[in-house]
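Heads up: the structure comes next, in C-alpha cells.
The values are calculated or read from the model by the stated rules, or taken from the named source; none is laboratory data. Quick caveat, the model's predicted, so the values are computed rather than measured. Note that we place each Cβ from the backbone using ideal geometry, even for glycine, and neighbour counts take in every protein chain shown.
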Amino acid sequence: MVVVVEGKSDKTFIESLLTSLNITFSDDNFIVMGNKSNLLNNKEKKYKTLKNSIESGKISSNILFILDADYLSSNMGYEHTQKAIENTREELGFKKFAKYFISCHPQSKEGYLESLILSTIDDEQNKCIKNVLECAEIEKKNDKDIFNKVYRYYYPNSAINLEHNNFKTLRNELKDLFKK
C-alpha cells in the first residue's frame with residue numbers, strides 16, 4: 001500500500017494520523033512528489049518506479065493519492081483538482097485500484113490540508129487567528145503557511161483533534177488502504 005502526497009509536511013501529518021489509528025507503516029508506504037504539479041504529472045519518474053514495483057509484485061497496487069484542492073483564484077479548486085487527479089489515475093493505468101482524497105475546508109471545498117486541520121479548531125481560536133491576520137493587514141489570508149504559523153504561535157500547546165468528524169473520510173480511506 002502506498003500513500004502519494006504533495007509534500008513532506010503532508011507526509012508528516014498523515015504519519016501522525018496513522019499513528020493515532022494504531023496503523024503500522026514505514027517510509028516505503030509513502031511517495032512524496034514535491035508539489036501538486038508533480039503529483040498530477042503522469043510522466044513523473046516516481047510513477048515509473050511505482051508502476052514497475054506494482055508490476056513486479058514488490059508492492060501491492062493499493063494506492064491513495066492525497067492532494068490539496070487549492071483555490072479557484074489560482075485556477076484550481078476542488079472540481080478542477082478532482083478532474084486532474086482522475087485523469088492522472090487513468091493515464092497511469094491506476095483507475096481501478098487507486099483512490100484519492102482532496103484536502104480542503106469541508107464547507108468551502110477550497111484550501112489545503114492545513115485548511116482541513118484548521119477547520120477542526122475551536123471557533124474562538126479560529127476567529128482570533130483571522131483577527132490577527134486582518135489586524136496585521138496580511139494580504140494573503142489564504143496562505144496556508146501564514147495561517148498555520150499564526151495558529152502554532154498563539155496556540156503552541158493545542159493538539160490537533162484527529163478524532164474530529166472533519167477527518168472521518170480521510171481516516172476511513174487510510175484504514176481501508178492499510179487493511180488490505
Requested in this report: Would you point out the residue of the range 1-17, among those that are β-branched (Val, Ile, Thr) and part of a helix (DSSP H, G or I), that is modelled with the highest pLDDT?
Outcome: Ile14
Query raised in the report: Taking the condition free of Cβ contacts under 8 Å to residues at least 60 places away in the same chain, of a type in the set (Val, Ile, Thr) and under 22 Å from Leu177 (Cα atoms), does Thr120 pass?
Result: no
Requested in this report: Check off (1) charged (D, E, K, R); (2) in contact (Cβ under 8 Å) with a residue 60 or more places away in the chain; (3) part of a loop (DSSP other than H, G, I, E, B) for Arg171 and give me the number that stays unchecked.
Outcome: (3)
Query raised in the report: Is there a residue being under 14 Å from Tyr112 (Cα atoms), out of contact with any His (no Cβ under 7 Å at 6 or more places or on another chain), aromatic (Phe, Trp, Tyr) and surrounded by 13 or more Cβ atoms within 10 Å (Cβ to Cβ) anywhere in the range 31-50?
Result: no
Report task. Search the range 127-153 for residues that are within 26 Å of Lys8 (Cα to Cα) and at pLDDT 80 or above and pair each with any residue that is outside any loop (DSSP other than H, G, I, E, B) and among the aromatic types (Phe, Trp, Tyr) when their beta-carbon atoms are under 6 Å apart and the residues are at least 6 apart or on different chains. Result -> Ile129/Tyr151
Report summary line: Inside the range 51-70, the number of residues satisfying the requirement of being more than 19 Å from Gly34 (Cα to Cα) and surrounded by 12 or more Cβ atoms within 10 Å (Cβ to Cβ) is 6
Query raised in the report: Quick one: what pairs do we get from the range 21-50, first residue assigned by TED's automatic domain parsing to the domain that holds Arg171, second assigned to a helix (DSSP H, G or I) and of a type in the set (Val, Ile, Thr), C-beta under 7 Å, 6+ apart or different chains?
Result: Leu40/Ile85; Leu40/Thr88; Asn42/Thr88
Query raised in the report: Can you tell which of Glu137, Glu124 is of a type outside the set (Gly, Ala, Ser), farther than 30 Å from Asn62 by Cβ, more than 18 Å from the chain's Cα centre (by Cα) and part of a loop (DSSP other than H, G, I, E, B)?
Result: Glu137
Report summary line: Flagged in the range 71-98 as exposed (fewer than 13 other Cβ atoms within 10 Å of the Cβ), over 21 Å from Asn52 (Cα atoms) and either modelled with pLDDT of 90 or more or of a type in the set (D, E, K, R) (or both), in numbering order, are Glu79, Lys83
